[in-house]
Amino acid sequence: MLKFFLAGSLVALTFSCSDPTITDDLLDGDAIFDPSLYNPEEYLISAKYPSPTPEDLDKHIILAVHGYSATTFEWEEFKDWSVNPSYRISQVLLDGHGRDYESFKASSWRDWSSAIKREYEQLIDLGYTKISIVGSSTGGTLILELVSSGYFNSRLHPKNLFLVDPLVVSSNKLQSIAGIVGPMLVYVEVDQSAEEDKYWYRFRPHETINELNEVMKVVRKDLEDGVKLPSGTYLKVFHSLHDPVASTTSSVLIFKGLKTNAGGKIDVQLMNSDIHVFTRLSLRNNVTALQVANQLDAFTQIASKLN
Amino acid sequence: MTFSDLFQRRLFFPKVLLLCIILFSNIAVAQGLKVGLRFQKTSGMYWENGISTQYSFANFKPNRLFIGFDFVTSRVGTAFNSNAINQSSSLLSASWLFNKSKAYHFVARLNMGYFYSDLEEEFFKEIPHSAFLLSPELGFLYDFKDIPVSLNIGSGFYIITAEDGYSPGTLQPLYYHLDLYYRIFNNPRK
């Protein structure tokens, strides 16, 4: 997920004209990688069941897509919470993510998106017919781009799309001028805990922030022009009322610009929350009962649509 | 109250009133009034267009100090015939022009105003949608000699102090604008 340019109050900017000093205790380094790279069968349904049985194919598969700079860890709690045998979760690692700083720096938003497409198409090829997608933060933005670009038009239509704190407009006011100040900053350093350093990039190259702004711009423009969901696809947006990273106005833009295939309104639920990606509570400090209730509410609603 | 007090008041208040009228009439005789159109783009966000006026006093820093009023809205910008959010900004400004005697001027300006975005749906009412505005701005103004037209370009930066997540999402800080003015009157300098 995002934190400074994509995070909020615990942010420390480092002004520099050179690449950051990266140590091996960071995801950015050469020692820690997302575990889905070592054991894809533990994360991707297509890898775990390369020859699915009819019983397997009857399962509803939900792709869980994380946000900018994050890893599969972002949806780990949903996997742990899910005990419903009727659906399975495929945790997608966006390309360019979960690797080292240079890989992240060199990636484009189209690279990020290609991992979603790859798993979605593999599942279709394997014979699955009930596929849904949930995306947090930029994961939601990428899902919206797939819809607005017509990606699903020539493929199996997803059953459900869920967006959690989707990013269409940033809450951080400096992100919109990253293209101007970015080359001077080179990168942005996020003040996060040592444990979080293993699952989110600590250093965000300005090139990737520009990519993020680019995909947001594409989606915003498409929403301004008007977008329709594929037939038979249900979509719901969950958004923290005071999201410090992805402005809640993002969900207003989605609500105005995205209609069901029949031209109806989509569902939006505002959560009484001031954290970004409210479905991820692990490694957060001072988790409240309300935050737990919000997470449970979203998980329950998502699971109820996967029968 | 004594007769003397009453007398003092009777004389005092008319004197103050007269002084105010003289002062105001001296200052309020317009040295210049320009009205025109503004075309404004926010970096990474919307086109918002509208009107702009600039006014300078005859006897107080003529052609140096201008006060202005601007109103821009996305309704005649990006939101026109699209799903973009209808939003508007109203700004009062004070400007200082450099190169007073020349046709071109550098302009320093301070704006204060109010931003409002219409989120339309009742269930969005708790989402931040309005804000007070404060922005310093730099620009360049050119007065055409043969026609009563002025051209102004400027760029400003909204100082947004609200915590992330507590200000309108479509209010972004950096903006650029082009103003096309018609000089309604421009009294000779005293």
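To the nearest whole number, what is the average tally of beta carbon atoms from other chains within 10 Å of the beta carbons of peptide A:264-273?
1
Among all lysine pairs in the stretch A:46-181 that are eight or more places apart or on different chains, how many have alpha carbons less than 14 angstrom apart?
Going through the stretch A:46-181 pair by pair, I get 4.
Given B:Phe80, A:Trp200, B:Ser167, which one lies farthest toward the positive end of the charge dipole of the protein assembly as shown, if we put +1 on the Cβ of every Lys and Arg and -1 on the Cβ of every Asp and Glu?
B:Phe80
Using only the alpha carbons of the stretch A:177-306, determine the length spanned along each of the three principal axes and report them from longest to shortest in whole angstroms.
Reported extents, whole Å, longest axis first: 47, 38, 23.
To make sure I understand the rule: partners must be aspartates and glutamates, Cα under 15 Å from the Cα of A:Lys198, and not fewer than 8 residues away in the same chain. Which ones qualify?
Counting by Cα, and skipping residues close in sequence, A:Lys198 has these aspartates and glutamates nearby: A:Asp24, A:Asp25, A:Asp28, A:Asp30, A:Asp34, A:Glu74, A:Glu76, A:Asp100, A:Glu189.
Convex hull over the Cα atoms of the stretch B:95-190, averaged projected area in nm²?
8.2
Given the options A:Thr72, A:Thr249, A:Thr23, which has the most mean-square fluctuation in a GNM of chain A, springs set between C-alpha atoms less than 10 angstrom apart?
Residue with maximal mean-square fluctuation among A:Thr72, A:Thr249, A:Thr23: A:Thr23.
What value in Å³ per residue do you get for the convex hull of the alpha-carbon atoms in the protein assembly as shown?
Per-residue hull volume (Cα only) is 200 Å³.
Loop-only check: which chymotrypsin sites (Phe, Trp or Tyr not before Pro) in the stretch B:23-120 are DSSP coil with at most 16 other Cβ within 10 angstrom?
Passing both the DSSP loop test and the Cβ count: B:Phe60, B:Phe80, B:Phe98.
For A:Met184, A:Met271, B:Met112, what's the fewest-to-most ordering of other Cβ within 10 Å of each Cβ?
Values: A:Met184 10, A:Met271 24, B:Met112 13.
Arranged by neighbour count, lowest to highest, A:Met184, A:Met271, B:Met112 become A:Met184, B:Met112, A:Met271.
Bin width 10 Å, alpha-carbon pairs only: give the P(r) of the stretch A:114-261 as whole percents, running from 0 to the bin holding the largest distance.
All Cα pairs, binned at 10 Å, distribute as 11, 37, 33, 17, 3 percent.
By counting other Cβ atoms within 10 Å of each Cβ, how are A:Leu174, A:Leu63 ranked from fewest to most?
Lowest count first: A:Leu174, A:Leu63.
Students often forget the sequence filter, so: which lysines lie under 17 Å Cα-Cα from B:Lys125 once same-chain residues fewer than 8 apart are removed?
Output for B:Lys125: A:Lys256.
Take A:Phe104, A:Phe162 and order them by how many other Cβ atoms sit within 10 Å, fewest up front.
Numbers: A:Phe104 25, A:Phe162 28.
With the fewest neighbours first, A:Phe104, A:Phe162 line up as A:Phe104, A:Phe162.
Based on Cβ point charges of +1 for Lys and Arg and -1 for Asp and Glu, what charge dipole magnitude is obtained for the stretch A:111-184 about its Cα centre, in debye rounded to the nearest 20?
Working: 6 positive and 6 negative charges, 29 e Å.
I would put it at about 140 debye.
Jot down the per residue volume, in cubic angstrom and as a whole number, of the convex hull over the alpha-carbon atoms of the stretch A:92-196.
Dividing the Cα hull volume of the stretch A:92-196 by its residue count gives 141 Å³.
Hull surface divided by four, with the convex hull built on the Cα atoms of the stretch B:69-123: how many nm²?
5.4
Taking the Cβ-Cβ separation of A:Asp267 and B:Lys145 as r and a Förster radius of 45 Å, what is the calculated FRET efficiency to the nearest 0.05?
After rounding, the FRET efficiency stands at 0.15.
Antiparallel DSSP bridges in the protein assembly as shown: what percent, to the nearest 5?
Once the DSSP bridges in the protein assembly as shown are tallied, antiparallel ones form about 75 percent.
None of the figures in this text is laboratory data; all of them are computed from the coordinates on show. Please read these numbers as outputs of a predicted model, since none were measured by experiment. Don't worry about glycine lacking a Cβ; one is built from the backbone with ideal geometry, like all the others, and counts go over all protein chains shown.
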